[in-house]
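Below: the structure, in structure tokens.
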Amino acid sequence: MILVRQHGESGPPALLGEWLDARGIAYVVSDSRTNHTPDVREFEAVASLGCRYSPVDADVPQVAAEIALITRAVEHDVPVLGLCYGGQVLAHVLGGTIEAAPTPEFGWREIETDEPDAVPSGPWLLWHYQRFTVPPGATAIARTRDATQAFRHGRHLGLQFHPESTTDIVEGWARKDVEKLKTVGVTDGLALIEAPAEQQDAARQAAFRLFDAFRGESA
């Protein structure tokens, strides 16, 4: 069984949930905003989704709870798939740092990948103002010119992009972030996520390949 950690209504499992259903994999969606913290030892893997916070907001109870949960997963060798915020939490727990991204990344981006079978080149949906550094002992396996996009540490995989998200979901983020985007020079966030149906379907298929590869590596 997989533990899926959700951190708000605007960041659902989406394509990750579709993949779990399609593969017949049992899973539990747990909300980090509640007081209930699952025992990670009861699960074969943990997937931590996106969030409006980052690990630097450790004074926020739900962030502190997620850092503690991912720390326990690492301590007990329960594989973690970190997706954007989840990737930042994983990097933080492993000793990496979280910093303001000199160039925040939004919308569709291609990545350079060293492991295309495990992390396809995309294009992927990105939406982040901060970025992680590669933690000690980890290997960077994908990147854009502006940030590391994926690292592997044992059976853990941290990502800076959103393979789980759809354009409908990111459209919601763009609408909420209108004023914040202006502060980093983005005047039309919605335009950055427009994509034909063929591209969206290709991203869904690439996400399934990524999730399949993670499960194979973490088994």
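The values are calculated or read from the model by the stated rules, or taken from the named source; none is laboratory data. Treat the numbers as computed from the prediction; the structure is a model and nothing was measured. Glycine gets a Cβ as well: all are built from the backbone with ideal geometry, and neighbour counts include every protein chain shown. Accessible surface areas use protein heavy atoms only, side chains included; no ligands, DNA or RNA. Shrake-Rupley method; radii C 1.70, N 1.55, O 1.52, S 1.80 Å.
Worth pointing out:
- Among the residues of the stretch 129-144, those that are in contact (Cβ under 8 Å) with a residue 40 or more places away in the chain and either surrounded by fewer than 21 Cβ atoms within 10 Å (Cβ to Cβ) or assigned to a loop (DSSP other than H, G, I, E, B) (or both) comprise Y129, Q130, T133, V134, P135, P136, G137, A138.
- Selection within the stretch 1-10: residues that are farther than 19 Å from E217 by Cβ and at pLDDT 95 or above. The member of this set that is surrounded by the most Cβ atoms within 10 Å (Cβ to Cβ) is R5.
- Any hit, the stretch 128-137, residues being in contact with a Cys (Cβ under 9 Å, 6 or more places away or on another chain) and modelled with pLDDT of 95 or more: yes
- Residue count, the stretch 30-69 (criterion: polar (S, T, N, Q), assigned to a loop (DSSP other than H, G, I, E, B) and either under 15 Å from the mean Cα position of the chain (by Cα) or surrounded by 15 or more Cβ atoms within 10 Å (Cβ to Cβ) (or both)): 2
- Matching residues, the stretch 178-200, being touching a strand residue (DSSP E or B) at 6+ places or on another chain (Cβ under 8 Å) and assigned to a loop (DSSP other than H, G, I, E, B): V184, V186, G189, A195
- The residue pairs whose first member lies in the stretch 169-198 and is closer than 20 Å to T103 by Cβ, whose second member is of a type in the set (V, I, T) and not in a helix (DSSP H, G or I), and whose beta carbons are closer than 8 Å, counting only pairs six or more residues apart or on different chains, are L181/T187; L192/V186.
- Number of residues in the stretch 94-128 that are within 22 Å of F208 (Cα to Cα), part of a loop (DSSP other than H, G, I, E, B), open to solvent by 40 Å² or more (accessible area, probe 1.4 Å) and in contact with a Ser or Thr (Cβ under 8 Å, 6 or more places away or on another chain) equals 2.
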